[in-house]
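> Sharing a structure, written as C-alpha cells. Questions coming.
Read-outs throughout are calculated quantities, based only on the coordinates presented, and are distinct from any laboratory measurement. Owing to the predicted nature of the structure, the values given are computational and were not obtained by experimental measurement. FYI the Cβ positions are ideal-geometry reconstructions off the backbone, even for glycines, and counts take in every protein chain you see.
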Amino acid sequence: MTATTMITVPPRPTNPLDRLRWALTDGWVVGRTNLFHWRRNPGLITQCLMYPVMTVVFGFVFGSAMVVAGGGSYREFLMPGLFGQTMMFGIITTMMVTSSATAKGMTDRFRTMPMAQTGVALGRCVADLVTSVFELIILVVCALLVGWRFHHGLGPALGALGLLLLFRFALVWAGIFFGLILPVEAVGAGYVPLLPLTMLANTFVSPTQMPPWLGAIAEWNPVSATVAACRELFGNPGVVGDSWAAQHAMLLAFAWPAVIMLVFVPLSIRRYRNLER
Amino acid sequence: MTENVIDRWSPAPDPAAGEAVTAARDGAAIVMAGLSKRYGDVTALDGVDLVVPPGAVCGLLGPNGAGKTTAVRILSTLTRPDSGTALVGGIDVTRDPDEVRRRIGVTGQRTTVDDILTGRENLETWGRLYHIGVRTARRRADELLEQFGLADAATRMVRQYSGGMRRRLDLAVGFLLRPQVLFLDEPTTALDPHSRNEVWQVVASMAAQGTTVLLTTQYLEEADRLASQIAVLDHGRMIAQGTPDELKSRIGGHRIDVVLGGDGAVARTARGLARVVGAEPEVDAAASRISVPVRDQVTTLHDVMRWLHDNEVEVEDVAVRRPTLDDVFLSVTGHGADVGRAAA
Ligand SMILES: Nc1ncnc2c1ncn2[C@@H]1O[C@H](COP(=O)(O)OP(=O)(O)OP(=O)(O)O)[C@@H](O)[C@H]1O
Ligand SMILES: [Mg+2]
C-alpha cells in the first residue's frame, strides 16, 4: 500500500475576478451537460413547444374576431403576449429539472464538490437561456408565418427579444429556489397557479378592457411590463393605458427582473448551501 | 448470551472529544467526536465517536434508520451537526467545508450519473468540476474507465448500462481525485450478487491505492469482506467498534439453524444443543427455530446432527449460514436489529 497520490485541487480563489471566472467555468460545465440532453433527445424540444406553437395557430384562427384596444390587428397584438407567456412557462422547466436533480441526489453530489456556490445555478441559467433562445427563434418564425410583423427594424426587435430573455433569466433564479424547496409532484402541478398568472396580464387582452381592479393587477404583473415593452419595440398595437405602470413599461421591463433577482438570487443560493434531504 | 460479553465489545466508553482531536493531530483520516444530529423528534446521531486511521477501510454497519447516511452527510459537508466535532483529513467540516471538499470523494446511496451522457462524458464533467483542468480530467476519465472495467462502454450512453456498470461508474466519479478520503453510502444495495462482487473488487482496489474509505452497509458479510475496522450503529448510537475478527469472535462464526418439525420440544432441544456446542443458542420459539453458533464447522455440524438423531428429534430443516447483522445485534444488545426498530 502506497501513500495516496491524490490529484491536487487548486484552492478556491479569493479575489473577486478569479472567483467569477471559477463560477462561470462551473456554470458552463454544468450547463453544457444539459445541452447534451436537447441534442440527444430532440423530443424534449417538441414537447416544450407544443403549447406555444398551438396558441400561435389559435391566434391566427380567432385573431380576426378579436378587437384590440387602441385599434390594430389582434394577431400583431397577440404574438408578443405569447412570447412573454412562453418565457414565463419556462420556469416550470427550471423547477422540474432542479427538483428532480435534487430528489435524485444529484444536487447533493454537486454540493460535495469544490465548486463555486453559484456554479450549479449558473449551469441552469446557461441551459435554460440557450433553450429559450431556440424557443423564441421558433416562435418568431411561426409568428412571421401567420402574418405577425415587427415595424421598427431589426435593432429594436432584437432588443425586445433581449428583454424577453432578461425576464427569463430572472425567472430561472425563482425557478431554482422553488425547485429546491418543492417536491417533483408539486412542481408538476405548477401550471395550475401559473396559467392564470400569465392570463392576468396584458398577454391576451389589454388591461384597459378589464374591470378596473383586475386591470390594475394585470398592468402591474411583471410579464405585462416585458410584453408591453416588446410591443413598443416591435411596433405592435395595444400599447395603451394611462396608469403609471402602463406608461413606464420599458422601465418596469428592467426593474421587475432586477427585483426578482434581488429576491431570488440570495434565496436560492442560501437554500442550495443549506439543503437538507 | 449476555453472560459472555467480552469487554471490548461492550459499548465503547465515551472518549472525551479532546482525546479524539488529539488522535486527529496524530494523522487520523476521519474523526467524529460526540457527533449529534436531530431531525425534529428523531435523533439521527446521538454522540457518536469514531476515529479512522489513514489508509483504513471502515465499515459503518447498521440497520435502516441507524444514522449511517446522516454520518456520511455530515462528514462530506452536506449537513451540519447539532453538536460535536467532525474532522476529515484533520480539517473541521463545519469550519472549512471548502478545504474538505478538495480532498474527498462521495458516492451516495443513489447513483447520480447522468443517463444521457456517456460514461466518459460523465467522468470528464465531474473531473472538470473539481477544477483539475480539462486535460487531467480526460486522462483520469480514461484511467478510471480502464480500472473499473468500463473501457468498452466508455462511449455508450449510461442509459444503456446495467445496474452494476452504473454503480461502478458512480464509484469511479467518487474516485476521480484518488481522494484522501472516500465516502461510500451503501455501495452494493440493490445489486445482484455478481455486480456486488465486482463492486467489492473495485472498492478493494481503491483502498489499495491508499485512499481511506468509510463505507456504510447493512451487510455484515460486506463489512467483513472489505473493512479493516467495523463500527456498529443503532438508533444513532455507536454500540460496538473493532476489527472484523474481534467482532466475529464476539458473535461466533457460522450458525447452524435447526428448524424442528411436529410438536417440536424447542426448549428441551435448545438445552441439549447448548451442551453439545458449549454455547447458548438463540431460540425463536414461534418459528421452532434454534440457531447454534459454530466453532468448527465440520465437527459441530456432525455433533449437532448426531445429537438430534440420538434424541429422536423431529427435524424439518438444518442449514449452515454466515452470521448476519441480526446476529451482531443479538450478541451486542440482546435483541435483533428489527426488534430494536419496532420497540423504538
Ligand atoms: N431530513 C430529515 N428529516 C427528518 N428525519 C430525517 C431526515 N434525515 C434523516 N432522518 C431520520 O434520521 C434517522 C437516521 O436516518 P439515516 O438516513 O441517517 O439512516 P441510515 O442508517 O442511513 O438508514 P438507511 O439504511 O435506511 O439508509 C432516520 O430515522 C430518518 O428517518
Ligand atoms: Mg442511508
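> Which angle between 0 and 90 degrees, to the nearest 10, do you get for helix A:119-145 versus the longest principal axis of chain A when only C-alpha atoms count?
Computed tilt is about 30 degrees.
> For peptide B:209-222, how many partner chain Cβ atoms fall within 10 Å of a residue's Cβ, on average?
Going residue by residue through B:209-222 and averaging, the value is 1.
> Looking only at other chains, what is the average number of their beta-carbon atoms within 10 angstrom of each beta-carbon in B:126-134?
Details: counts 5, 2, 6, 13, 7, 13, 5, 2, 1.
Per-residue shielding by partner chains comes out at 6.
> Moving on. Residues with amide H under 5 Å of A:MET6's amide H, sequence separation 5 or more or different chain, H placed in the peptide plane at 1.01 Å from N; which?
none
> Please sort A:45-53, A:26-34 by packing, taking for each peptide the average over its residues of neighbouring beta carbons within 10 angstrom, highest first.
Details: A:45-53: 15.1, A:26-34: 20.2.
Those peptides, ordered most packed to least, come out A:26-34, A:45-53.
> What angle, in degrees between 0 and 90 and rounded to the nearest 10, separates the Cα long axis of helix A:16-40 from the longest principal axis of the Cα atoms of chain A?
Roughly 70 degrees between the two axes.
> Just order B:69-75, B:184-190 by mean Cβ neighbour count inside 10 Å, highest at the front, would you?
Ranking, from highest mean packing down: B:69-75, B:184-190.
> Report the Cα-based extents of chain B along its three principal axes, largest first, to the nearest Å.
Ordered largest first, chain B gives principal extents of 74, 49, 35 Å.
> On to the next question. So what J values fall out for the stretch B:221-237 if you push phi through Karplus, 6.51 cos²θ - 1.76 cosθ + 1.60 with θ = phi - 60°, rounded to Hz, Gly and Pro as x?
Values, residue by residue: 4, 5, 4, 4, 5, 9, 8, 9, 8, 10, 10, 9, 9, 8, 6, x, 10 Hz.
> While we're here: Using only the Cα atoms, what convex hull volume per residue in Å³ does the protein assembly as shown have?
For the protein assembly as shown, the hull spanned by Cα atoms encloses 201 Å³ per residue.
> If you don't mind, another one. What residues have an amide H closer than 5 Å to that of B:THR94, excluding those fewer than 5 places away on the same chain, when H is modeled at 1.01 Å from N in the peptide plane?
B:ALA86
> Of the beta bridges DSSP finds with both residues in the stretch B:2-249, what % are antiparallel, to the nearest 5?
DSSP beta bridges in the stretch B:2-249 are roughly 55 percent antiparallel.
> Rounded to whole Hz and in sequence order, give me ³J(HN,Hα) for the stretch B:319-332 from the Karplus expression 6.51 cos²θ - 1.76 cosθ + 1.60, θ = phi - 60°, writing x for Gly and Pro.
Once rounded to whole Hz, the list reads 9, 9, 9, 6, x, 10, 4, 4, 5, 4, 5, 4, 6, 8.
> Roughly what angle does helix A:43-62 make with the longest principal axis of chain A, taking Cα atoms, 0 to 90 degrees, to the nearest 10?
10 degrees
> Over all directions, how big on average is the projection of the convex hull of the alpha-carbon atoms in the stretch B:149-286, in square nanometres?
Orientation-averaged projected area of the Cα hull: 12.4 nm².
> Moving on. Please turn the phi angles of the stretch A:180-195 into ³J(HN,Hα) values with the Karplus equation 6.51 cos²θ - 1.76 cosθ + 1.60 (θ = phi - 60°), one per residue in order, whole Hz, x for glycine and proline.
Result, rounded to whole Hz: 7, 9, 9, x, 3, 4, 5, 5, x, 8, x, 4, 4, x, 6, 4.
> Enter the Cα centre distance for the pair the stretch A:178-201 and the stretch B:149-196, rounded to the nearest angstrom.
36 Å
> Any idea what Rg and Dmax come out to for the stretch B:254-321 if you just take the C-alpha atoms, in Å?
Cα-based Rg and Dmax for the stretch B:254-321 come out at 10.4, 30 Å.
> With +1 on each Lys and Arg Cβ and -1 on each Asp and Glu Cβ, how big is the dipole of chain A about its Cα centre, in debye rounded to the nearest 20?
For this selection, approximately 880 debye.
> Considering Cα pairs under 8 angstrom that are at least six residues apart, work out the relative contact order of chain A and quote it in whole percent.
26 percent
> Take the Cα coordinates of chain A, assign each an equal point scatterer, and use the Debye formula without solvent to give log10 I(q)/I(0) at q = 0.10, 0.11, 0.13, 0.17 Å⁻¹.
Here log10 of I(q) over I(0) equals -0.56, -0.66, -0.89, -1.35.
> Starting from the amide H of B:LEU233, placed 1.01 Å from N in the peptide plane, find each other amide H under 5 Å away whose residue is 5 or more places distant or on another chain.
B:LEU61, B:GLY62, B:ILE239
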